[in-house]
Amino acid sequence: MKKSILKLLRSTAFVAMILFAFTFIQTYWSMGKLADQTSSGCLDCSFIYDACFISLCNAIILTLLFLLLAKIKKNRYKIAIEFVLLTSFWFFWNYSIFVDRESSWSTYSFDEEIYYTVYLSLLPILVTATLALMTIHHQVIRSKFRGQKKVTSTTP
């Protein structure tokens, strides 16, 4: 029992660290163009501070959601749901940054905000989400390619 709790904690910490790191990378890659612009919500806050805060919130929330999804037995469904959740959260955070650092200082319509967020975010989100989930589920992916017995995911 003690080993299973330690294994759960280790895998949960691994997933949280991966989500934090990839969220930070994705945020900086997609919204880094706005790093020099002043935040309308916090005039003294740097872009790095916002990216770290977003990454921490995202890691906590998604790790908890991924824990709930660990009950799904079919890995392809679990990974697909995780991909949708991850990309949705990242689009939301990128939209929030765009509104905070660009659109609130100008006259963007809602449609324009969405358009520019998607334009700036689509490639970074797809690439980093794929890499993040491949990193989280590396044991399952490796076993599929090697033709080994079914391996459970590293998702908590």
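The table for this structure:
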item: Zero-based 10 Å bins, Cα pair distances in the chain, whole percents; result: 11, 37, 29, 16, 7, 1
item: From phi via Karplus (6.51, -1.76, 1.60), per-residue ³J(HN,Hα) for segment 36-42 in Hz, x at Gly/Pro; result: 7, 8, 6, 6, 7, x, 8
item: Estimated inter-spin distance, Ala21 and Phe92, nm [label 7 Å along Cα→Cβ]; result: 2.5
item: Percentage relative contact order, the chain, counting C-alpha pairs under 8 Å, at least six apart; result: 33
item: Rg [Å, one decimal], Dmax [Å, integer] - segment 19-91, C-alpha atoms; result: 14.6, 47
item: Distance (nanometres) between label positions extended 7 Å along Cα→Cβ at Leu68 and Leu123; result: 3.5
item: Area projected by the alpha carbon convex hull of segment 24-65, averaged over all directions, nm²; result: 3.1
item: Choice from Thr107, Thr135, Thr27 showing the highest fluctuation, given a GNM over the chain with Cα pairs closer than 10 Å; result: Thr107
item: Highest-MSF residue in the chain out of Ile25, Ile97, Ile72 [GNM, Cα springs under 10 Å]; result: Ile72
item: Ser109-Gln37 pseudo-label distance in nm [points 7 Å out on the Cα-to-Cβ vector]; result: 1.9
item: Apportionment of accessible area to carbon and sulfur, the chain, percent (1.4 Å); result: 69
item: The chain, helix-only ellipticity at 222 nm - DSSP H runs n ≥ 4, -39,500 (n - 2.57), divided by all residues, nearest 500; result: -26000 deg cm²/dmol
item: Kyte-Doolittle at least 1.0, axis length at least 20 Å by Cα - qualifying DSSP helices, the chain; result: 47-69, 110-136
item: The chain - accessible surface per residue (Å², probe 1.4 Å); result: 61
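The values are calculated or read from the model by the stated rules, or taken from the named source; none is laboratory data. Just so it is clear, the model here is predicted, and its values are computed rather than measured. As a convention, Cβ positions derive from the backbone with ideal geometry for all residues, glycine included, and neighbour counts pool all protein chains shown. These accessible areas exclude ligands, DNA and RNA; they are computed on the full protein's heavy atoms, side chains included. Shrake-Rupley method; radii C 1.70, N 1.55, O 1.52, S 1.80 Å.
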